[in-house]
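Enquirer: Let me begin by handing over the structure; questions about it come next.
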Amino acid sequence: DVKVTQSSRYLVKRTGEKVFLECVQDMDHENMFWYRQDPGLGLRLIYFSYDVKMKEKGDIPEGYSVSREKKERFSLILESASTNQTSMYLCASSPGTGGGQPQHFGDGTRLSIL
Amino acid sequence: QQQVKQSPQSLIVQKGGISIINCAYENTAFDYFPWYQQFPGKGPALLIAIRPDVSEKKEGRFTISFNKSAKQFSLHIMDSQPGDSATYFCAASWRDMRFGAGTRLTVKP
């Protein structure tokens, strides 16, 4: 089974801090994704990556950046955390073949910014 | 802009009943339509998926109905059980994936 592991289940940070969320997948998937999940809004795509060192903006990239130095690892960075970034963050991966493919999710990081 | 619209937001069904959740999409480039099931404290898990070359797919008690011309698809859960109580997300994908807002299903015993 595909395993997507997010380094923290719960995280509490202060306004203005630089925050790193880590995600690792073990299935050699080319594609990795970061979403935030808020009640009533579903999952919104922040950033995604189709290959090492590549990244593309999703629907809500403002205030975030990402890093993918190795194929299995995709990091989400909050440059200067703000209270409106309090949310559940989900990482996912999928194989790189053409067209839509199933995404496999981690269990999420619930981030609180105080 | 919301590319995938999902309804209803919440649904209460009696045990043994049929649960129906509907989704509509806009982008005709989408070629993969999954449904995800999410329990509290867990990430979404793939439940069932369909590609637009078929109109229906059934796996156990779960069925996707797909209407390409109307750009709509739906999830039917037959003989709904209390263990099915969860949040369900529809999605549509080409390279990246767009999700509906979710439906919270409660199955009463």
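Enquirer: Could you tell me which of A:Gly16, A:Thr86, A:Gly96 has its Cα farthest along the dipole of segment A:4-108 towards the positive end, charges placed at Cβ (Lys, Arg +1; Asp, Glu -1), taken about the Cα centre?
Expert: Farthest towards the positive end: A:Gly16.
Enquirer: If you don't mind, another one. Give me the percent relative contact order of chain A, please, defined on Cα pairs under 8 angstrom at least 6 residues apart. Each step should come with its number before you reach the end.
Expert: Numbers: 296 pairs, mean separation 40.6, N = 114.
Taking the mean separation of contacting Cα pairs over the length of chain A, I get 36 percent.
Enquirer: Among the DSSP beta bridges whose two residues both lie in the protein assembly as shown, what percent are antiparallel, rounded to the nearest 5? Before the final figure, lay out each step's value.
Expert: Values: 71 of 80 bridges.
Within the protein assembly as shown, antiparallel bridges account for around 90 percent of the total.
Enquirer: Under a 5 Å amide H to amide H cut-off, with H placed in plane at 1.01 Å, what residues pair with A:Thr86 once short-range neighbours are removed?
Expert: When sequence neighbours closer than 5 places are left aside, the close amide H contacts are A:Ile113.
Enquirer: What is the calculated FRET efficiency for B:Trp94 to A:Ser82, with r their C-beta to C-beta distance and R₀ = 22 Å, to the nearest 0.05? List each step's numbers first, then the result.
Expert: Working: r = 32 Å, r/R0 = 1.45.
In this case the efficiency is close to 0.10.
Enquirer: Next question. Mean shadow of the protein assembly as shown, computed from the convex hull of its alpha carbons, in nm²? The partial results should precede the final answer.
Expert: Values: hull surface 48.0 nm².
Reported value for the Cα convex hull: 12.0 nm².
Enquirer: With a cut-off of at most 16 other beta carbons within 10 Å, and DSSP calling the residue loop, which chymotrypsin sites (Phe, Trp or Tyr not before Pro) in segment A:1-89 qualify? Please list them. Intermediate results must be reported in sequence, preceding the final value.
Expert: Values: sites: A:Tyr10, A:Phe20, A:Phe33, A:Trp34, A:Tyr35, A:Tyr47, A:Phe48, A:Tyr50, A:Tyr64, A:Phe74, A:Tyr89; in loops: A:Tyr50.
Within segment A:1-89, the qualifying chymotrypsin sites (Phe, Trp or Tyr not before Pro) (loop, at most 16 other Cβ atoms within 10 Å) are A:Tyr50.
Enquirer: I need the GluC sites (Glu not before Pro) found in segment A:1-30, filtered to DSSP loop residues with at most 15 other beta carbons within 10 Å of theirs. Each step should come with its number before you reach the end.
Expert: Details: sites: A:Glu17, A:Glu22, A:Glu30; in loops: A:Glu17, A:Glu30.
Answer by residue number: A:Glu17.
Enquirer: Is there a simple number for the mean count of other chain Cβ atoms within 10 Å of the Cβ of residues in A:77-88, and what is it?
Expert: On the way: counts 0, 0, 0, 0, 0, 0, 0, 0, 0, 0, 0, 1.
So the per-residue partner count for this stretch is 0.
Enquirer: Place a +1 charge on the Cβ of each Lys and Arg in segment A:4-108 and a -1 charge on the Cβ of each Asp and Glu, then give the dipole magnitude about the Cα centre in debye, rounded to the nearest 20. Intermediate results must be reported in sequence, preceding the final value.
Expert: Numbers: 13 positive and 14 negative charges, 52 e Å.
Roughly 240 debye for segment A:4-108.
Enquirer: Now a separate question. So what is the orientation-averaged projected area of chain B, using the convex hull of its C-alpha atoms, in nm²? Could the numbers behind the result be given before it?
Expert: Details: hull surface 26.4 nm².
With the hull built on Cα positions only, its mean projection is 6.6 nm².
Enquirer: Considering the convex hull of the alpha carbon atoms of chain A, report its projected area averaged over all viewing directions, in nm², one decimal.
Expert: Details: hull surface 26.9 nm².
For chain A, averaging the hull's shadow over all directions gives 6.7 nm².
Enquirer: Continuing with the same structure: If you take the C-alpha gyration tensor of segment A:1-50, multiply each eigenvalue by 5 and take the square root, what semi-axes do you get, largest first, in whole Å? If you can, show how the numbers build up before the last one.
Expert: Values: eigenvalues 95, 48, 27 Å².
Computed over segment A:1-50, the values are 22, 15, 12 Å.
Enquirer: Please report the relative contact order for segment B:1-64, taking Cα pairs under 8 Å with a sequence separation of at least 6, and give it as a percent rounded to a whole number. Don't skip to the end; give the middle numbers.
Expert: Working: 65 pairs, mean separation 13.9, N = 64.
Rounded, it is 22 percent for segment B:1-64.
Enquirer: Still on this structure: Which of the aspartates and glutamates could be linked to A:Lys55 by a straight reach, that is with a Cα gap under 19 Å, when you skip same-chain ones fewer than 8 residues away?
Expert: Qualifying aspartates and glutamates at Cα under 19 Å: A:Glu22, A:Asp28, A:Glu30, A:Glu69, A:Glu72, A:Glu79, B:Asp96.
Enquirer: Under a 1.4 angstrom probe, counting protein chains only, how are B:His76, A:His29 ranked by accessible area, largest first?
Expert: Working: B:His76 50, A:His29 15 Å².
The most accessible residue leads, giving B:His76, A:His29.
Enquirer: Excluding B:Ala24 itself, what net charge comes from residues whose Cβ is under 15 Å from its Cβ, given Lys and Arg +1 and Asp and Glu -1? Spell out each step's value before the answer.
Expert: Numbers: positive: B:Lys5, B:Lys68, B:Lys71, B:Arg98; negative: B:Glu26.
Value of the local net charge: +3.
Enquirer: Treating the beta-carbon of each Lys and Arg as +1 and of each Asp and Glu as -1, no other charges, what is the dipole magnitude of segment B:4-108 about its Cα centre, to the nearest 20 debye?
Expert: Numbers: 13 positive and 8 negative charges, 34 e Å.
Once rounded to the nearest 20, the dipole reads 160 debye.
Enquirer: Just to be sure I understand the curve: with the Debye formula and one point per C-alpha of segment A:26-75, what is log10 I(q)/I(0) at q = 0.15, 0.17, 0.23 Å⁻¹?
Expert: -0.40, -0.50, -0.80
Enquirer: Something else about it: To check you understand DSSP bridge types, tell me what percent of the beta bridges within segment B:4-108 (both residues inside) are antiparallel, rounded to 5.
Expert: On the way: 36 of 41 bridges.
In segment B:4-108, DSSP labels about 90 percent of beta bridges as antiparallel.
Enquirer: Right, another one. Scan around B:Ala101 for amide H atoms under 5 Å from its own, H built in the peptide plane at 1.01 Å from N, and keep only partners 5 or more places away or cross-chain.
Expert: Amide H to amide H, under 5 Å and 5 or more residues apart or across chains, B:Ala101 pairs with B:Gln6.
Enquirer: I would also like to ask the following. Measuring from centroid to centroid over Cα atoms, what is the spacing of segment A:57-85 and segment A:1-56 in Å?
Expert: Measuring centre to centre over Cα atoms gives 7 Å.
The values are calculated or read from the model by the stated rules, or taken from the named source; none is laboratory data. Remember, predicted model here, so these are calculated numbers, not experimental data. All Cβ positions, even for glycine, are placed from backbone atoms using ideal geometry, and neighbour counts span all protein chains on display. The area values use the complete protein model at the heavy-atom level, side chains included, leaving out ligands, DNA and RNA. Shrake-Rupley method; radii C 1.70, N 1.55, O 1.52, S 1.80 Å.
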